[in-house]
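Every read-out reported here was derived from the displayed coordinates using simple, explicitly stated rules and does not represent laboratory data. Just so you know, these numbers come straight off a predicted model, no measurement behind them. Note that each Cβ is placed from the backbone with ideal geometry, even for glycine, and that neighbours are counted across all protein chains shown.
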Amino acid sequence: MRYEPCSPTCSNWLRYGVQPKNAKQGQAPGRCRGKAHKPEHLGYAGRRVTVSRKWSNKTLTDHRADRRAWALEALGLSATENTDRDRYTWRPIPPGDPDLPPLGQRLLAEIANRQRWRELMAEHQARADGTDLPATRDQEVAA
């Protein structure tokens, strides 16, 4: 992202042989003062998706729907399933509720869920790519 032009006036256009809009004397490739090129902003999540609506004609909602459809397709689920937004009831849990497990237990459960989800996604991706999966996890680590 450091060398990609951030705007029509960005001096990084010079890397590609294009004169930037409102070019000034002393502009050099890689010396853009734009926020997008500052190290603390490089890799800022969501920036390119937000800006991409200019050329893709998609809003963030459209991008979210595309990601959701891709994930559901990879998992072999229908996009029309589980679309009922009233399937859950959200309410605050009072402190000391006996049905609420301790924080450590809840965190470990969420970590385990995330690991299972990643393994499932890796398995579906491997099937889509046509690569072989190891029979056990130990063989995968040893390889």
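Computed from backbone phi, the HN-Hα couplings of the stretch 8-20 come to x, 9, 5, 6, 5, 4, 4, 4, 9, x, 10, 7, x Hz, rounded to whole numbers (Karplus: 6.51 cos²θ - 1.76 cosθ + 1.60, θ = phi - 60°; Gly and Pro given as x).
Backbone amide hydrogens, once placed in the peptide plane, bring Thr9 within less than 5 Å of Lys21, excluding anything fewer than 5 places away on its chain. Between Arg67 and Leu100, the simple label model (points 7 Å from Cα in the Cβ direction) yields a spacing of 2.8 nm. Between Lys35 and Arg118, the C-beta separation translates, for a Förster distance of 22 Å, into a calculated FRET efficiency of about 0.10.
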